[in-house]
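The values are calculated or read from the model by the stated rules, or taken from the named source; none is laboratory data. Nothing here was measured: the structure is a model prediction, and the numbers come from that model. Neighbour counts are summed over all protein chains in view; Cβ atoms, including those assigned to glycine, are modelled from backbone coordinates with ideal geometry.
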Amino acid sequence: MNLVRTTLIAALMPVAAFAAGSNDTAPKPSETTQQCAEGLVFDLATQSCMTPEQSTNDDSAMMDIVRELAHFGRYADALGVLGTLENQQSDLALTYYGFVNRKAGDMDLGMAFYDQAIAQNPDNILARSYMGQALVEQGAYELAAAQLIEIRLRGGRGTWAEASLDSAIATGETYTF
């Protein structure tokens, strides 16, 4: 196993640092995780905490909240926010349904969501990165390496998606964001 892993690392190594990409740094605590009680989100328009269903935040702002909640281990809250998205079937929503379910402990459901996201958009390098990290968690380094290759073939060189998966393959450590 170590020989296979070492060989894969050597073959896939050319990633310098976490470069361009929408998810290149860990989410910083916002009002949602600093001021709002569990189950509530910070609404940008009213500058107050409210249920995700009451919030006027658009899908983009809600996705930022999902990412933050997941990073801080508030998976039930993240799923609650995902459930309020206007476009439940966007490949980004499916990607985060996969991420949150995987991190909450349901690997099979998480992988099913990643499969849906990639089927909808084969160029979704974030879904490929998260799927690859899930494969690392399962010890399937060869399959994770295949996702890394796909990321690179689909224009993902120099992105957080590439760097995070490359790092996960090299170290066995995956990301919470």
Report task. Quickly run through the stretch 82-92 and pick out the residues that are more than 13 Å from ASP58 (Cβ to Cβ) and among the small types (Gly, Ala, Ser). Result -> GLY83
Requested in this report: Give me the pairs, please: first residue somewhere in the stretch 85-110 and touching a residue at least 60 places away in the same chain (Cβ under 8 Å), second residue anywhere and in a loop (DSSP other than H, G, I, E, B), beta-carbon distance under 9 Å, and either six or more positions apart or on two chains.
Outcome: LYS103/GLY73; LYS103/THR176
Requested in this report: Can you tell me which residue among THR56, THR95 is among the hydroxyl-bearing types (Ser, Thr, Tyr), crowded, with 24+ Cβ neighbours inside 10 Å and at pLDDT 95 or above?
Outcome: THR95
Requested in this report: Need at least 3 residues that are closer than 30 Å to GLU31 by Cα per element, so show me which helices (runs of 4 or more DSSP H) inside the stretch 67-154 make the cut, counting only ones lying wholly within it.
Outcome: 75-82, 91-103, 107-120, 125-137
Report task. Give the number of residues within the stretch 63-90 that are among the charged types (D, E, K, R) and in contact with a Leu (Cβ under 9 Å, 6 or more places away or on another chain). Result -> 1
Query raised in the report: For residues in the stretch 35-53 being loosely packed, with under 14 Cβ neighbours inside 10 Å and among the acidic types (Asp, Glu), which is farthest from PHE72 (Cα to Cα)?
Result: GLU53
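Within the stretch 123-146, can one find any residue that is farther than 21 Å from THR171 by Cα, hydrophobic (A, V, I, L, M, F, W, C), surrounded by 15 or more Cβ atoms within 10 Å (Cβ to Cβ) and touching a Gly at 6+ places or on another chain (Cβ under 7 Å)?
Checked against the condition, which is being farther than 21 Å from THR171 by Cα, hydrophobic (A, V, I, L, M, F, W, C), surrounded by 15 or more Cβ atoms within 10 Å (Cβ to Cβ) and touching a Gly at 6+ places or on another chain (Cβ under 7 Å), the stretch 123-146 yields no hits at all.
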Report task. Look through ALA61, ALA20 and report the one residue that is at pLDDT 95 or above and either within 24 Å of the chain's Cα centre (by Cα) or on the phi > 0 side of the Ramachandran plot (or both). Result -> ALA61
Query raised in the report: Would you pick out the residues in the stretch 43-57 that are at negative phi and part of a loop (DSSP other than H, G, I, E, B)?
Result: LEU44, ALA45, THR46, THR51, PRO52, GLU53, GLN54, SER55, THR56, ASN57
Query raised in the report: If you go through the stretch 76-121 one residue at a time, how many are within 17 Å of ILE65 (Cα to Cα) and small (Gly, Ala, Ser)?
Result: 8
Query raised in the report: Given the conditions (1) hydroxyl-bearing (Ser, Thr, Tyr); (2) farther than 19 Å from ALA161 by Cα; (3) more than 16 Å from the chain's Cα centre (by Cα), and given that TYR141 satisfies all but one, which numbered condition is not satisfied?
Result: (2)
Report summary line: Only unsatisfied item for TYR175, checking (1) modelled with pLDDT of 95 or more; (2) under 14 Å from the mean Cα position of the chain (by Cα), is (1)
Query raised in the report: Can you tell me how many residues in the stretch 144-167 are more than 17 Å from the chain's Cα centre (by Cα) and closer than 18 Å to ALA117 by Cα?
Result: 6
